[in-house]
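Remarks on the structure that follows.
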Amino acid sequence: MFAKYVFLLLLFVLIYVGFRALLELVIRQHKARIRLHYVKRSAVSARITTYMETWGWVKHMKELLESVESRLSLQAVLTISLIGLLVGLLAGGVFFQTFKGALIMTMIGTSLPYLLLRLKLVSVRLRTRLEFLPAVEVFFQSYMMDPNQNMKIALKYCIEENRILYPIKPVFEQLYRHLMTQRDTEESLRIFNLTLGHVWADYFTGIMRVALKEGSYVGESLKELITDMRKAQRFDQMERNRLLEIRIANFTPIGFLVLFMWINFKVNADNAYLYYVIDPEGRNMILDALLLIFVSFLMGIYLSMRRM
């Protein structure tokens, strides 16, 4: 019993220290942006971040943050993931008191920031899917009206004249900023394609890649792409409806778990507490439910990406 209270004390201290460090990091970054419009980082943290960006999954995380235009920095997300790892480890060890519980809670706590970013990306893709065809049509008109058939100038005209409307306008604005700031063309197109995430965006970025790198005329390719997209417009609406069904199904297990436990505590709170908190079998059932919910989130995200 004494060891349990020690674990609870350590858990409280860890959560307090972690959230305080995270809050100080956010406040420091906010003050720096207001004062200098530049986030000052120490030499050690800068070296560590630069080194970690060479890792494949860290680079992917950075591009994912840019694609959803998150206000969090890569360093903040990695810090949150580390805190989630420690909290999950302690929570699993203290509450479930088994290796299985510690492992599952650690896995959930560590991957939760990434899953939330993925869910946000799916939301962005759902909002912009049906608006992609009108945006490409407007871009094609601007491209054909430009005497030099320059991709960057066509993007500039579309954005400045407000012919590309929300919610897909920020995606094209981000692509234009990346291209005009001398950022790597391949990386800029990859982030643009990651944000939209469907086969038509893949074809469009392929056409832009040819025009930007080789300077070739791509008017006919854009025209063919628009024609194919118009033919498949009804199918795109059906796919969007399926994606909405997948998202609704993702949150169904959480609702059933909360409803089931609420009914049990409402009927007999003492027996429910003894079974779900004190009894190891009850805790193991809750652990299995959390695992199934976590797996359902993974499957929902995977199916959403495949549907795109």
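The values are calculated or read from the model by the stated rules, or taken from the named source; none is laboratory data. Computed from a predicted structure; not experimentally measured. Here the Cβ is made from the backbone with ideal geometry for all residues, glycine too, and neighbour counts use every protein chain on show. Quick note on the areas: whole protein, heavy atoms, side chains included, nothing else; ligands and nucleic acids left out. Shrake-Rupley method; radii C 1.70, N 1.55, O 1.52, S 1.80 Å.
Within region 182-210, the set of residues being of a type in the set (Asp, Glu) and in a loop (DSSP other than H, G, I, E, B) comprises Asp184 only. Residues in region 124-153 that are under 30 Å from Leu298 (Cα atoms) and in contact (Cβ under 8 Å) with a residue 60 or more places away in the chain: 8 in all.
Flag: Gln97 matches the condition of being modelled with pLDDT under 85 and on the phi > 0 side of the Ramachandran plot. Give the residue that is least open to solvent (accessible area, probe 1.4 Å), with candidates limited to residues of region 63-90 that are assigned to a loop (DSSP other than H, G, I, E, B) and either free of Cβ contacts under 8 Å to residues at least 40 places away in the same chain or within 16 Å of Val171 (Cα to Cα) (or both). Residue satisfying both the conditions and the ranking: Val68. Give the residue that is modelled with the highest pLDDT, with candidates limited to residues of region 243-278 that are open to solvent by 50 Å² or more (accessible area, probe 1.4 Å), closer than 26 Å to Thr106 by Cα and not aliphatic (A, V, I, L, M). The extreme case among them is Trp262.
Could you please let me know if Ala91 is among the small types (Gly, Ala, Ser) and under 23 Å from Ala289 (Cα atoms)?
Here the answer is yes, as Ala91 does meet what is asked.
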